[in-house]
Amino acid sequence: MRPQLRFLENSLIEKIVGEARVILKELGVTLHNDRVLSMLSDHGARVDKGTKQVYFTDSVIDLALSTVPNSFKLYDVLGKETHDFSSGKVHFTPGSAAMNGLEFESGKARPPVTDDYVSYVKLVNQLENIASQSTALIPSDVHQEMADSYRLYLSLLFGEKPTVTGAFTIAGFDVMRDLQLAVRGGVDELKKKPLTVFSCCPTAPLKWSDVTSQNAIDCAQLSIPVELISMPLSGFVAPVTLVGSLVQHTAETLSGVVILQLANPGTPVLYGGSPAIFDVRYETTPMGAIETMMVDCAYAEIGRHLGMPTQAYIGLSDAKLLDAQAGLESSMGATLAALTGINNVSGPGMLDFESCFSLEKLVVDNEICGMTLRMLEGIQPKEDFPSLPRFEELLSEKHLLISEHTRRYLREEHYFPGKTIDRAQRSRWLEEGGLTLCERANQEVRRMEKAYEPSRLEDTAKQELRNRMESEAHRLGMDRLPETSLV
Amino acid sequence: MGTLSEISKHIIAGDASSVPSLTQQAVSEGLPARDILQEGLLSGMAVIGEKFKSHEIFLPDVLMAARAMQAGMDELRPLLITEDVPSLGKVVLGTVRGDLHDIGKNLVSIMLKGAGFEVIDLGNDVSPESFVDTALENEAPVVAMSALLTTTMPVMGEVTDLIRQRGLEEKLKTIVGGAPLSDDAARQMGANAYAYDAASAVDRIRELISSE
């Protein structure tokens, strides 16, 4: 039996979805993109072009729900399947788009540069419980108009895992599309083997900007999977109650599903989000709050009920350093997400309200993910019955350390974390330097930096990536890419 | 060299069924017992030790290798005596008086034998006199004591006191281990070394014997 957590009764899910439909029909959403408005209008939605308001109908919502896939797969740069977003399979991916990186030596947060991003990619490439990359940091040493595509470029050049990403502008998407085509070799190949997931975010409450809605339909045209990231803030720009926030999340996410499915029926979608409660003491949006995590898990239940694979920004922390708060919030989130069966869990490595990324935290979180994935395997008998022979062996040998049964199942039954997790006797711990968690994680970061092996992507594809990125840099007035100094 | 590296390879694989015949084969090839021990059996165990320390393999793999090593040693022992190859050292081992917990002590015994030491295992509930007298009778330079209980731990101090009273400090070294022990506790009771686990017990005992 697989352990599973539920927050919502089916009757409550249906009530929430019903209320969200009423919101979409009666109040609609504000949508600042004429092309998308026309598309919705063509399919029977009522559109007020003056106010940019679109009012959905049950039939357009039902049509979208009838074409949205209930599962899809992702493939790495080499074309190998890495993700199966179906039936509660859980994958972890780093949190994304931090404006700062946390320096281990100084403990200070600072804007990241190319070197930091490349170190991050090298690390993700080797962390076994992190299934994909995300464009986790925004490099500050390139023109800001190309910061979105440059992140993806570095990920595709140095890493092999698929990438969760997003465009900051409409033009940015074109470059990011071309980078993917450089890796796959053509549109059909990209459609057949998706390489990325793009985040497309409605704005709370009930709005779509020109850029995000255009990004959504651009992705749909190429069947690029999209994760819809609705962000209601309970008590601020969403009702204070968790149910009220869920109604808003459902309405905003359903509006995105409709846009994507009308643009190209069958576009793969992750029913995702990044909601939070609003902490009225600090005016912040705590990702580590238990209520934030409860809303994440609950909307994932709604997404699954509606027949879609799911995603959440959960398993991250609001702490400023890699401290006990970082550990408790991250592990609580990762555990709840896994027990809920959220398919793509975005969070590892992230601190400070999704604004600061730490390589050391990513290493620690990789262990949290490993333990969580082990937990999902549950408890199952493995040659345990009848028990008598095993206990006869134990009493006769006095231990089972070298029993065949032990050797057969040891590595399956017990997850062995890396050296970041301290399980040594105190004397051994002291003998090995008496290192703190952060110091051990930093040792792992440095070890993996040295152990990195270049991506096996073909050189011709790497060169195409470079050509496309350099041409974008030249267009924006940059002589050369900072990355070239690293090669 | 071929047979010795085969022995080493099968030790690493924990293959107790092949090591004796390979050892016999090395003997029949006329290789000196010392070389078979050092370059075959022990060199395999050295690889195992390194892999264990780096977490590449785990305790069951070490114990399997130790068992294979034992099987080889059973073949080789008569020849080592004939060729007058000195043993790596003898260790008198036991759980102290009043304490019946021997799981950790047994693990140390297996690891020591696997590393090539001769072990005289006195079992559990061993009196101070028995530890010291057995060591003297067998010319063992090391007494290794285990305790799980805080109430039996002081018996280790009685053993070190007895060694001092008899003026045997230079001849007989002590090492202690077990859940309630620590470096500080070992020092306070006058022990020469402390080991926090079975693998480190082998290293510490090797150091005690080589420092003689």
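The values are calculated or read from the model by the stated rules, or taken from the named source; none is laboratory data. Note that the structure is predicted; figures quoted are calculated from it, not measured. Cβ placement follows ideal geometry from the backbone for every residue including glycine, while neighbour counts extend to all protein chains displayed.
Values for this structure:
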read-out	value
Qualifying residue in the stretch A:329-341 (condition: at pLDDT 95 or above and on the phi > 0 side of the Ramachandran plot)	yes
Some residue of the stretch A:258-265 being in contact (Cβ under 8 Å) with a residue 60 or more places away in the chain and not in a helix (DSSP H, G or I)	yes
Hey, A:LEU37 in contact with a Lys or Arg (Cβ under 7 Å, 6 or more places away or on another chain) and in a helix (DSSP H, G or I) or not	yes
Every residue from the stretch A:290-332 that is more than 29 Å from A:PHE72 (Cα to Cα) and under 14 Å from the mean Cα position of the chain (by Cα)	none
Qualifying residue in the stretch B:130-144 (condition: without any contact (Cβ under 8 Å) to a residue 40 or more places away in the chain, under 19 Å from B:GLY89 (Cα atoms) and crowded, with 21+ Cβ neighbours inside 10 Å)	yes
Residue within the stretch B:1-12 that is closer than 30 Å to B:VAL132 by Cβ and either out of contact with any Gly (no Cβ under 6 Å at 6 or more places or on another chain) or of a type outside the set (Phe, Trp, Tyr) (or both) present	no
The stretch B:34-65, subset within 14 Å of chain A (Cβ to nearest Cβ) and buried (at least 24 other Cβ atoms within 10 Å of the Cβ), residue nearest to A:ARG411 (Cα to Cα)	B:VAL62
Only listed residue being at pLDDT 95 or above and either under 21 Å from A:PRO112 (Cα atoms) or over 26 Å from the mean Cα position of the chain (by Cα) (or both), chosen from A:GLU432, A:GLU458, A:GLU453	A:GLU458
Flag for A:VAL175 being part of a helix (DSSP H, G or I), surrounded by 18 or more Cβ atoms within 10 Å (Cβ to Cβ) and β-branched (Val, Ile, Thr)	yes
Residue tally, condition within 14 Å of chain A (Cβ to nearest Cβ) and on the phi > 0 side of the Ramachandran plot, over the stretch B:151-188	1
Those residues of the stretch B:177-212 which are in a loop (DSSP other than H, G, I, E, B), surrounded by fewer than 17 Cβ atoms within 10 Å (Cβ to Cβ) and of a type in the set (D, E, K, R), in sequence order	B:GLU212
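Every residue, every condition in (1) away from chain B (no Cβ under 14 Å); (2) surrounded by fewer than 16 Cβ atoms within 10 Å (Cβ to Cβ); (3) hydrophobic (A, V, I, L, M, F, W, C); (4) assigned to a loop (DSSP other than H, G, I, E, B), yes or no:
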residue	(1), (2), (3), (4)
A:MET375	yes, no, yes, no
A:PRO381	yes, yes, no, yes
A:ASP384	yes, yes, no, yes
A:PHE391	yes, yes, yes, no
A:LEU395	no, yes, yes, no
A:ARG408	no, yes, no, no
A:ARG411	no, yes, no, no
A:ALA424	no, yes, yes, yes
A:GLY434	no, yes, no, yes
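One line per residue, one yes/no per condition, for (1) among the basic types (Lys, Arg); (2) buried (at least 18 other Cβ atoms within 10 Å of the Cβ); (3) out of contact with any strand residue (DSSP E or B) (no Cβ under 9 Å at 6 or more places or on another chain):
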residue: A:SER11; (1), (2), (3): no, no, yes
residue: A:LYS15; (1), (2), (3): yes, no, yes
residue: A:ALA20; (1), (2), (3): no, yes, yes
residue: A:GLU26; (1), (2), (3): no, no, no
residue: A:GLY44; (1), (2), (3): no, no, yes
residue: A:THR57; (1), (2), (3): no, no, no
residue: A:THR67; (1), (2), (3): no, no, yes
residue: A:PHE72; (1), (2), (3): no, yes, no
residue: A:THR93; (1), (2), (3): no, yes, no
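Condition check ((1) of a type in the set (Phe, Trp, Tyr); (2) part of a helix (DSSP H, G or I); (3) touching a Ser or Thr at 6+ places or on another chain (Cβ under 7 Å); (4) in contact (Cβ under 8 Å) with a residue 60 or more places away in the chain) across all residues:
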residue: A:ASP296; (1), (2), (3), (4): no, yes, no, no
residue: A:ILE302; (1), (2), (3), (4): no, yes, yes, yes
residue: A:MET308; (1), (2), (3), (4): no, no, no, yes
residue: A:SER317; (1), (2), (3), (4): no, no, yes, no
residue: A:LYS320; (1), (2), (3), (4): no, no, no, yes
residue: A:THR335; (1), (2), (3), (4): no, yes, yes, no
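For every residue, the table says whether it meets (1) at pLDDT 95 or above; (2) assigned to a loop (DSSP other than H, G, I, E, B); (3) out of contact with any Leu (no Cβ under 9 Å at 6 or more places or on another chain); (4) of a type in the set (A, V, I, L, M).
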residue: A:PHE104; (1), (2), (3), (4): yes, yes, no, no
residue: A:TYR117; (1), (2), (3), (4): yes, no, no, no
residue: A:LEU123; (1), (2), (3), (4): yes, no, no, yes
residue: A:GLU128; (1), (2), (3), (4): yes, yes, yes, no
residue: A:ARG151; (1), (2), (3), (4): yes, no, no, no
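Conditions (1) part of a loop (DSSP other than H, G, I, E, B); (2) among the small types (Gly, Ala, Ser); (3) over 13 Å from A:ALA204 (Cβ atoms), marked per residue:
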{"site": "A:GLU227", "(1), (2), (3)": "no, no, yes"}
{"site": "A:PHE236", "(1), (2), (3)": "yes, no, no"}
{"site": "A:SER245", "(1), (2), (3)": "no, yes, no"}
{"site": "A:GLN248", "(1), (2), (3)": "no, no, no"}
{"site": "A:GLU252", "(1), (2), (3)": "no, no, no"}
